[in-house]
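Here is the structure we will look at, set down as structure tokens.
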Amino acid sequence: MSAQAQHEPASVPACWCCGRPYPETELTRLGQHPEIGVCLGCAVFLKRRATAHRDTGNSSPASRARGLIGTVREAVISRGWHEHGPLAALLRRIDRYLP
Ligand SMILES: [Zn+2]
């Protein structure tokens, strides 16, 4: 190890999806690629994307309900309602419990 490397700060792990730094304890590592870790928020996002992909071509009541919820979620996010205003906290709380 060089003298320069000894003085460099230890690298902080970051989420491979959003790029934000997180403590190692808050990252979920992939099984076959443990070098890749994602934060909880991105893991939930990836689950939603995977579920939407699975629902493609499926016309069950549950998949239609998830599709409707996803459409509403996208409309709310595109308008920025989840970040500002008096409805923001309520919308984020509702989103936590939606499939
Ligand atoms: Zn992330």
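Here's a check for you: in the range 33-67, which residue that is over 19 Å from residue 13 (Cα atoms) and open to solvent by 90 Å² or more (accessible area, probe 1.4 Å) is nearest to the ligand (Cβ to nearest atom)?
Only one residue fits best here, namely 45.
Looking only at the range 12-25, how many residues end up being charged (D, E, K, R) and in a loop (DSSP other than H, G, I, E, B)?
From the range 12-25, those charged (D, E, K, R) are 20, 24; that's our starting set.
Checking the rest, the ones that are also in a loop (DSSP other than H, G, I, E, B) come to 20.
The number of residues fulfilling the criteria is 1.
The values are calculated or read from the model by the stated rules, or taken from the named source; none is laboratory data. Small disclaimer: the values here were computed from a predicted structure and weren't measured. Positions of Cβ are generated from backbone atoms using ideal geometry, with glycine treated the same way; all protein chains shown enter the neighbour counts. The protein model used for the area step is the full one, side chains on, heavy atoms only, and it has no ligands, DNA or RNA in it. Shrake-Rupley method; radii C 1.70, N 1.55, O 1.52, S 1.80 Å.
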